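Scroll down for the structure; my scribbles are underneath it.
The values are calculated or read from the model by the stated rules, or taken from the named source; none is laboratory data. Small disclaimer: the values here were computed from a predicted structure and weren't measured. With ideal geometry, Cβ positions are generated from the backbone for all residues, glycine too; neighbour counts draw on all protein chains shown. Calculation scope for accessible area: heavy atoms of the full protein, side chains included, ligands and nucleic acids excluded. Shrake-Rupley method; radii C 1.70, N 1.55, O 1.52, S 1.80 Å.
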Amino acid sequence: MLIFTRVAEARSVTRAAERLGLSKAAVSVRLKALERELALQLVNRSTRSLTLTDAGERLLDGMDRMLADASDTLANVRDLALKPTGRLRITASIGVGISFAAPLIPGFLDRYPEIEVELSTSQDIADLAAQGFDLGLRFANIVRGTDMAWPVGRVDWYLVASPGYLARRGVPREPADLAAHRCLLYGWQSVHDPAWRFSRNGQSQPAPVQAAFKANNGELLMQAALEGGGVTMLSGFACRRHVASGALVALLPEWTIEGSDAEIIFAVRPWSARVPRTVRAFVDYLQEIETRASPTA
């Protein structure tokens, strides 16, 4: 079929043979064998010209797509023999960038010393193509349907406060107790949904809260909580080390924060036929870390 394609493109058996590095006789034999296999005449031959039949035109159209796919496949296979190199530009929200991505990047650089990583954080959602980013790290709720997306991390949520704050204000035992506490909220949440939701034994219970302090990223809320500012809800990757050290106390442990088990971080990029080796290496690395961190069934 490759020989047929080259003959059809050149409209000449002789020129196709030269391009392929084969004899004219070998090309003619292969072309006739293809016609016998299909039981169709693909070319009209004369001493002066070569034209395609309707069947030949249709086959050539299909072969263009097939050869393009084959070329991409061969390029991807060749990538396996090459070390990923070059620059990888990543964008993420401030909280995801600081607490999720940044601690993992040193290990990635150890594995791929020839890749240079640039991480940019912002609360604005970057236009990846327009701003030249190779990859974005985003929560599931802002992944577009047209993006290529790979799940790279599951997020659990903690309700926390500092020991000092709890010593002054008491420890909440039920979600309803939060109404009497100073709460630290994400700015968007305090406007759209000023309530935290919990469940236990299949029963859901909302907990309306008043925002004593609002911020647009989790790092600010965490710092305020560490300083005794009040009760806040933080992602596990942001606050788990502070809970382990005792700097923050996990509250209402017998209650489930609704929706926490469905929050996933995705690595995203605009759709493309080929994924750069640097992107594939980073996504594979994050998924490997996530697999190791996930409990086995």
At q = 0.10, 0.11, 0.15 Å⁻¹, work out log10 I(q)/I(0) for the chain with the Debye formula, treating every Cα as an identical point scatterer and leaving solvent out; two decimals please.
-0.70, -0.78, -1.13
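Tell me, what % of the accessible area of the chain is carbon and sulfur with a 1.4 angstrom probe? Show your work: numbers first, answer last.
Values: 8770 of 16530 Å².
That share works out to 53 percent.
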Provide the net charge surrounding Val279, with neighbours chosen by a C-beta distance below 9 Å and charges set as Lys +1, Arg +1, Asp -1, Glu -1.
+2
Quick one: Kirkwood hydrodynamic radius for region 102-261, alpha-carbon pairs, angstrom, one decimal?
17.7
What ranking of Arg87, Arg58, Arg173 comes out by heavy-atom accessible area, probe 1.4 Å, highest first?
Arg58, Arg173, Arg87
List Trp255, Trp271, ordered by accessible area with a 1.4 Å probe, largest first:
Trp271, Trp255
Return the aspartates and glutamates within reach of Lys83: Cα separation strictly under 12 angstrom, same-chain partners fewer than 8 residues apart disregarded; answer none if there are no such residues.
Glu114
Which log10 I(q)/I(0) values does region 82-147 give at q = 0.17, 0.21 Å⁻¹ under the Debye formula, counting every alpha carbon as one identical point scatterer?
-0.64, -0.92
Arranged from highest to lowest average of other beta-carbon atoms within 10 Å per residue, in what order do the peptides 200-207, 8-15, 117-124 appear?
8-15, 117-124, 200-207
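State in Å² the accessible area per residue of region 20-136; use a 1.4 Å probe, count heavy atoms of protein chains only, and round to the nearest integer. Present the calculation step by step, with values, prior to reporting the outcome.
Values: 7300 Å² over 117 residues.
So region 20-136 comes to 62 Å² accessible per residue, rounded to a whole number.
Which percent, to the nearest 5, of DSSP beta bridges fully inside region 116-227 are antiparallel? Walk me through the numbers on the way to the answer.
On the way: 6 of 10 bridges.
Roughly 60 percent of the beta bridges in region 116-227 run antiparallel, per DSSP.
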Expected vector for region 7-21, Karplus 3J(HN,Hα) from phi with 6.51, -1.76, 1.60 and θ = phi - 60°, integer Hz, x for Gly and Pro, equals 5, 5, 5, 7, 6, 6, 5, 5, 5, 5, 4, 4, 5, 8, x
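Nearest 5 percent is fine: what portion of the DSSP beta bridges confined to region 158-285 is antiparallel?
Of those bridges, close to 70 percent are antiparallel.
Restricting to the chain, what percent of DSSP beta bridges are antiparallel, rounded to 5? Each step should come with its number before you reach the end.
On the way: 28 of 44 bridges.
Percentage antiparallel, nearest 5: 65.
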With springs only between Cα atoms under 10 Å apart, run a GNM on the chain and tell me which of Gly153, Gly97, Gly86 wobbles the most.
Gly86
Mean residue ellipticity at 222 nm from the helices of the chain, using -39,500 (n - 2.57) per DSSP H segment of n ≥ 4 over the full residue count, to the nearest 500 deg cm²/dmol?
-11500 deg cm²/dmol
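Normalised by the number of residues in the chain, what is the relative contact order in percent for Cα pairs under 8 Å and 6+ residues apart?
Working: 442 pairs, mean separation 62.5, N = 297.
Reported as a whole number, the value is 21 percent.
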Could you pull the Cα extents of region 118-189 along its three principal axes, largest to smallest, in whole Å?
50, 21, 20
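Count the net charge of all other residues whose Cβ sits under 14 Å from the Cβ of Gln41, scoring Lys and Arg as +1 and Asp and Glu as -1.
Details: positive: Lys32, Arg36, Arg45, Arg58; negative: Glu35, Glu37, Asp54, Glu57.
Summing Lys and Arg as +1 and Asp and Glu as -1 gives 0.
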How much solvent-accessible surface does Lys24 expose, in Å² to the nearest 10, with a 1.4 Å probe and all protein chains in place?
120
Built amide H within the under 5 Å cut-off of Val231, gap 5+:
Arg182, Cys183, Leu184
